[in-house]
Amino acid sequence: MLRSPLLVVSLLSFSLGFPQPHLAQEVDESPTPSPEVMGETRCEGEMENGVLQGIGRCDYDNGDRYEGEFRDGQPHGEGLYVFANGDRYEGAFEAGQPHGEGVWEFHDGSRYEGPSVNGRFQGLGTYGFAEGDVYEGNFERGEMTGEGRLLFQNGDRCEGEFQDGMLHGQVSCEYDNGERYEGEFRNGMKHGLGVYTLEDGTQVEGRWVEGEFQE
């Protein structure tokens with residue numbers, strides 16, 4: 001039986017004042033921290049002229065918490081940001097945004113490890129889905145774009161090109177039952193020319209349109 005994993009993942013942008021994604025089969029939003037709102041926010045640490053400079057900690061009035069390095073009152077350097085809902089980011093900050101290497105751990109069990117640029121996933125990283133699937137590869141502007149591979153919990157695996165969070169371009173898939181597909185994907189589905197090899201070695205070669213083989 002011809003099989004086609006369908007991946008539709010779109011990452012949201014992220015910055016302090018940022019909705020941060022759950023990279024899952026669908027995207028949810030994490031809370032938006034507001035470190036600039038002082039209200040009932042409590043901060044302590046190394047200060048100059050009443051502004052955090054160096055090591056410190058802030059407990060924000062929305063329930064979030066940051067501890068680590070500050071510059072000009074903003075997270076800057078290495079630190080840990082814990083959201084009120086249990087999500088957490090530990091790593092490099094610059095001018096109040098995650099920037100550089102870091103680790104995201106989400107309350108649903110999903111996890112991202114890799115670089116961020118101006119608060120978005122950027123570069124080579126690894127995302128572990130809460131369901132057990134794993135993506136290893138390139139991110140651009142917060143989305144899976146470029147070369148990468150998906151390792152599915154059921155043993156399937158796909159490797160190749162991604163665009164805007166979906167398999168898109170030349171892709172090779174190996175399925176847990178021994179069958180294989182090599183060919184084109186578009187928007188997460190087989191689309192274009194490809195070769196499907198059955199478990200007994202029989203090959204089906206031709207064109208797919210939106211996941212369906214054209215006789």
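Readers should treat all values here as calculations from the given coordinates under stated rules, not as data from a laboratory. Keep in mind that what you see is a predicted model, and the values were worked out from it rather than measured. With ideal geometry, Cβ positions are generated from the backbone for all residues, glycine too; neighbour counts draw on all protein chains shown.
The figures follow:
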{"read-out": "Label-to-label distance, nm, for residues given as Asp108 and Ala130 (7 Å Cα→Cβ offset)", "value": "0.4 nm"}
{"read-out": "If the convex hull is drawn through the Cα atoms of the stretch 141-210, its volume per residue in Å³", "value": "71 Å³"}
{"read-out": "Residue exposure sequence - Met166, Met144, Met47 - by fewest surrounding Cβ within 10 Å", "value": "Met47, Met166, Met144"}
{"read-out": "Distance between modelled label sites at Arg42 and Glu212, nm, 7 Å Cα→Cβ extension", "value": "6.3 nm"}
{"read-out": "Amide H within-cut-off set for Val117, under 5 Å, with H built and near neighbours excluded", "value": "Gly100, Gln122"}
{"read-out": "Cβ-based exposure ranking for Asp72, Asp59, in which fewest neighbours within 10 Å come first", "value": "Asp72, Asp59"}
{"read-out": "Relative contact order (%) - the stretch 149-193, alpha-carbon pairs under 8 angstrom, separation at least six", "value": "28 percent"}
{"read-out": "Radius, Kirkwood style, for the stretch 41-121 when every pair of distinct Cα atoms is counted (Å)", "value": "12.7 Å"}
{"read-out": "Distance-filtered residues of the stretch 162-183 - backbone nitrogen under 17 Å, label point 7 angstrom along Thr202 Cα→Cβ", "value": "177-181"}
{"read-out": "Sparsely packed GluC sites (Glu not before Pro) within the stretch 100-190, loop by DSSP, other Cβ within 10 Å at most 14", "value": "Glu131"}
{"read-out": "Which of Phe93, Leu80, Gly63, positive extreme of dipole for the stretch 41-121 (C-beta unit charges)", "value": "Gly63"}
